[in-house]
Every structure is written in C-alpha cells, then in structure tokens.
Amino acid sequence: MNKHTLVAVAACAVAFGGVAQAHTMQFELNHHAGQEARVASDEARGRLSPASDGMVHAQAALVERVEADALMANNVASLRQLEYAERDLDRAIGRAEHPQQHVAALDRMHARVADAREAEQQRWIATEYRHGKLDRDQTAGLERDQATIDTRGAALEQRGHESVDEALRVQHLQDVQDWAIRTGHPQA
C-alpha cells in the first residue's frame with residue numbers, strides 16, 4: 001500500500017471508532033434512562049422503601065456524574081467506568097426491590113412523582129442526544145444537573161421524610177431541568 005492509501009485507511013478507522021464510541025454512549029444513555037424508569041416503576045408499585053430508594057438515587061447520581069465525565073472525556077476508559085457504574089446501579093436497584101414498610105402517603109406520592117419525572121428527563125436527554133439536538137458538552141452539563149437533583153432527593157429520602165418546602169424545592173429544580181433539557185441550556 002502506498003502512503004496515501006494508509007492515511008485514508010487510518011482516517012476511516014478513526015472516523016469509524018468515533019461513530020462506534022458515539023453509538024456506545026447512546027447505548028449507555030438509553031440504559032440509564034431504562035434504569036430510572038425501573039426505579040420509578042418500583043416506587044409506583046411500592047417495592048422500594050424510602051431508605052433504599054434514597055440509596056438507589058445516591059447511586060444514580062454517581063452514574064450521572066460518571067456519564068457527564070464520560071461525555072467530556074470521550075474515550076474507551078471513561079465508557080468502561082460508566083458501564084461499571086451502571087452495573088452497580090443495576091445491583092443496587094435489585095437489592096432495594098422489596099415490599100414497602102409504613103411510609104407517609106404524602107412522602108410516597110412525592111417520591112413517585114419525582115421518580116417518574118426523573119425517568120422522563122433521562123429519556124428526554126437520551127432522545128435529544130440521539131437526534132443531535134444536544135451535543136456532548138450540553139449533555140454532560142444536563143447529566144451533572146440531574147446528579148445534583150438526585151443527590152438532594154436521595155438525602156431527603158434517606159432521612160425518611162420531607163417537608164412541603166423541601167418537596168417544592170426539588171420540584172422547582174425539576175421544573176428548571178425540564179426547561180434546560182428542552183432548550184439545551186444546562187444549569188451549571
């Protein structure tokens with residue numbers, strides 16, 4: 001092969017590698033959206049206690065931070081870390097699934113609504129990324145914002161109850177996140 005052919009083959013390999021990696025990132029975003037939907041479904045069916053739900057959301061916040069880092073790094077090692085974090089979240093969800101104990105009806109209702117919204121937001125992020133409406137930087141910022149919201153919600157859930165003001169603060173953060181996803185403007 002001559003020099004020009006080798007350069008063309010190398011350029012194709014690099015381009016293909018970027019496409020394959022982008023496909024993998026899309027797969028990971030979709031996988032995390034599915035995990036959030038599973039948590040929302042478990043919460044709606046009463047299979048998660050507030051303490052275990054809080055632990056699951058803390059792990060989900062970690063996944064979202066790793067997702068943001070993987071989007072920014074855009075390399076195989078960061079994707080591998082993301083795969084491990086998502087696997088750990090799958091395990092945490094599996095351990096947390098059990099019948100719910102006595103919990104205040106208001107706390108359960110708010111947890112169900114918050115979980116459903118978060119699952120929908122993760123699905124929106126994955127869809128907007130897939131359709132090219134969000135670039136890597138925007139998606140990474142949105143994932144960091146999701147992690148912040150998850151961390152706040154997890155702390156409230158692990159405590160076992162929340163006040164109306166705390167619930168409204170989390171709801172406001174989710175309202176702002178809805179807008180940020182739809183417009184491509186992360187809060188951070």
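Given (1) at pLDDT below 85; (2) under 17 Å from D53 (Cα atoms), identify the lone condition not met by R182.
If we test R182 against (1) at pLDDT below 85; (2) under 17 Å from D53 (Cα atoms), just (2) comes out false.
Of everything in segment 39-55 that's in a helix (DSSP H, G or I), of a type outside the set (G, A, S) and over 12 Å from the mean Cα position of the chain (by Cα), which residue is surrounded by the fewest Cβ atoms within 10 Å (Cβ to Cβ)?
For segment 39-55, the residue satisfying everything is M55.
List the pairs whose first member sits in segment 59-79 and is within 14 Å of R144 (Cα to Cα), whose second member is of a type in the set (V, I, T) and open to solvent by 10 Å² or more (accessible area, probe 1.4 Å), and whose Cβ atoms are under 8 Å apart, counting only residues at least 6 apart or on separate chains?
So the pair list comes out as A61/T148; A61/T151.
Scan segment 136-172 residue by residue and report those that are open to solvent by 60 Å² or more (accessible area, probe 1.4 Å), in contact (Cβ under 8 Å) with a residue 40 or more places away in the chain and of a type in the set (D, E).
D137
The values are calculated or read from the model by the stated rules, or taken from the named source; none is laboratory data. Values in this document were obtained by computation on a predicted structure and should not be read as measured data. FYI the Cβ positions are ideal-geometry reconstructions off the backbone, even for glycines, and counts take in every protein chain you see. Accessible surface is based on the protein model in full, side chains and every heavy atom, while ligands, DNA and RNA are left aside. Shrake-Rupley method; radii C 1.70, N 1.55, O 1.52, S 1.80 Å.
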